[in-house]
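Q: Below is a structure I'd like to ask you about.
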Amino acid sequence: MLVLTTRSWPAIGGIEFDATETARYLAKERPVRMGALVNDDREMTRSLQYTEVPAFAPFDAGGFEVHSIPAGSLARARLLALRFWRGRLPHQLYHGARALSGPVYAGALAPGIERLAQGMSLIHLFGADVLGLAALRAARRLGIPLVMSPYAHDDWWGSDPLNRSLYRKADAIVSLLETDAAWYRNWGVPPGRVHTVGVYRNTGEAGDLPAEIRSGAPMVLFLGIKRPYKGHHLLREAAPLVWERHPDAVFVLAGPGDEAAGPSTDPRIIDIDRVTEPQKFALIQRCDILCLPSRSEILPGVILEAWHMGKPVVTSNIATLTELVGQGGEVCTPDALSLASAVSSLLGDADRRARMGEWGRRQVAEKYNREAVSQKLEEVYRAVLGRATL
């Protein structure tokens, strides 16, 4: 099987984790290879996404090899011309240029993906977009199925005409929740090709807390990349309202990204950049509430990690998070007043926090564990291959 993704481990992110864990699990019983555009955390510029094919040396990722997508000299020459052409276009023509250049870029990538997939039974793409066009071409040339885990966000990412057309052509679409499964069906994917699988998360050993964290005070944790759509700025705005009832509460915002807000002048708001995995688990273990007031999400792994440790969550009331959170936390409208009300209420009720955290722990144990998710994926693969075993 060829597992294909834009970024591979050791880059850190939800999709990277899912692709790597899937490949590692499957490699125990069958040949697995991973193909990736990049294997680091470089910025995914439009040039990189639509006109470049970086190269890196193959490496072992623990049971399977990760390869860059091969591209010959002719393909690279075509991409250089494409890069020059796209670079001269104004920003306003982005979507039109993407529609024209996408097939050219896919045509340059497809032969390399085809080489990586030689001898494999199917291609499983984690992502979509132009890399998906290339994967579809390679799969059709080889006569093998293409399974896609697009991670699309309705009206946010991956819901444009190019991607919707791609989803309709794939042999199977893997969704994370029933909410995003409905999106794919509404976009014209035959219902029998949409499979709700979920994701798997575990927690490792907690390490030492970052030096900035003091003990004892109630702690509200934001953990994720700091981008406007994640809503970390709402937590900053909500903090003074929470302090009216809980003046000793500490707000920890951990993760890389947007520093436009600058450091807080109040020591009860603690900004931390990147954290190690042991530090991340230590922060979750230490917090009283995990807060993720995003405007767009599907199934954030950090919520499952919090539930692993019996922690309640507060999120925005978008459809995917409302479905996911259930009785494991509070959902509210994404504004500072509503957020402050939900956080304050939970900080004042330890028994309720414990009940929510325990409900989440059961969800992880029953639905979002390695065995349950892997079994559902195996069923998807068997369905597209038309046989009882892989």
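Q: Out of every Cα pair in region 159-210, what percent are spaced more than 14 Å from each other? Mind showing how you got there, number by number?
A: Numbers: 755 of 1326 pairs.
Of all Cα-Cα pairs in region 159-210, 57 percent lie more than 14 Å apart.
Q: Show me 172-183, 297-308 ranked by packing, highest mean number of other Cβ atoms within 10 Å first. Working shown, then result.
A: Details: 172-183: 21.7, 297-308: 23.7.
By packing density, highest mean first, the sequence is 297-308, 172-183.
Q: Express the accessible area of region 116-165 per residue in Å², computed with a 1.4 Å probe while the remaining protein chains stay in the model. Walk me through the intermediate numbers first.
A: Numbers: 1670 Å² over 50 residues.
The answer is 33 Å² per residue.
Q: Short version: ³J(HN,Hα) in whole Hz for each residue of region 189-194, in order, from phi by Karplus 6.51 cos²θ - 1.76 cosθ + 1.60 (θ = phi - 60°), x for Gly and Pro, what are they?
A: Along region 189-194, the couplings run 6, x, x, x, 9, 9 Hz.
Q: In what sequence, highest mean first, do 19-31, 54-66 appear when ranked by Cβ atoms within 10 angstrom? Mind showing how you got there, number by number?
A: Values: 19-31: 17.9, 54-66: 13.3.
Peptide ranking by packing, descending: 19-31, 54-66.
Q: Assign one of three labels to region 246-390, namely rounded, prolate or oblate, based on the Cα gyration tensor with a ≥ b ≥ c the square roots of its eigenvalues; rounded applies when a/c is under 1.5, prolate when it is not and a/b is larger than b/c, and oblate otherwise. Can you show the working numbers first?
A: Details: a/c = 2.11, a/b = 1.79, b/c = 1.18.
Judged from the Cα gyration tensor, region 246-390 comes out prolate (a/c at least 1.5, a/b above b/c).
Q: When a/c reaches 1.5 or more, the comparison of a/b and b/c decides; with that in mind, is region 163-274 rounded, prolate or oblate per its Cα gyration tensor?
A: prolate
Q: When ligands, DNA and RNA are left out and all protein chains stay put, how many square angstrom of accessible area per residue does region 304-390 have with a 1.4 Å probe?
A: On the way: 3780 Å² over 87 residues.
Heavy-atom accessible area per residue stands at 43 Å².
Q: With Cβ to Cβ distances under 15 Å as the rule, what net charge do the other residues near ARG24 carry (K, R +1; D, E -1)? Can you show the working numbers first?
A: Working: positive: LYS28, ARG30, ARG33, ARG201, ARG370; negative: GLU16, ASP18, GLU21, GLU29, ASP60, GLU65, GLU371, GLU378.
Charge balance near ARG24 sits at -3.
Q: For region 242-314, report the translational diffusion coefficient in µm²/s to the nearest whole number, using Stokes-Einstein at 10 °C, 1.306 mPa s, and a Kirkwood Rh over Cα pairs.
A: Numbers: Rh = 13.7 Å.
Roughly 116 µm²/s, to the nearest whole number.
Q: Looking at the chain, send over the antiparallel percent of its DSSP beta bridges, to the nearest 5.
A: Working: 3 of 44 bridges.
In the chain, DSSP labels about 5 percent of beta bridges as antiparallel.
Q: Among LEU347, PHE59, ILE225, flag the residue with its Cα farthest along the positive direction of the charge dipole of the chain, charges on Cβ as +1 for Lys/Arg and -1 for Asp/Glu.
A: Checking the options against the dipole of the chain, the answer is PHE59.
Q: Ignoring everything but the protein chains, give the 1.4 Å probe accessible area of TYR229 in square angstrom, nearest 10.
A: Estimated to the nearest 10 Å², TYR229 gives 60 Å².
Q: With n ≥ 4 as the cut-off for DSSP H runs, can you work out [θ] at 222 nm for the chain, using -39500 (n - 2.57) per run divided by the number of residues, rounded to the nearest 500?
A: Details: 14 runs with 171 residues, N = 390.
That comes out to -13500 deg cm²/dmol.
Q: If you bin the C-alpha pair distances of region 344-385 every 5 Å from 0, what whole percents do you get?
A: 5, 21, 14, 13, 12, 10, 9, 7, 5, 3, 1
Q: Do you know the relative contact order of the chain, to the nearest whole percent, from alpha carbon pairs under 8 angstrom that are 6+ apart? Walk me through the numbers before you get to the answer.
A: On the way: 732 pairs, mean separation 47.8, N = 390.
Answer for the chain is 12 percent.
Q: Still on this structure, I have one more. Residues with amide H under 5 Å of VAL331's amide H, sequence separation 5 or more or different chain, H placed in the peptide plane at 1.01 Å from N; which?
A: THR315
The values are calculated or read from the model by the stated rules, or taken from the named source; none is laboratory data. Quantities reported herein were computed from a predicted structural model and do not represent experimental measurements. Here Cβ is always computed from backbone atoms with ideal geometry, including for glycine, and neighbour counts include all displayed protein chains. These accessible areas exclude ligands, DNA and RNA; they are computed on the full protein's heavy atoms, side chains included. Shrake-Rupley method; radii C 1.70, N 1.55, O 1.52, S 1.80 Å.
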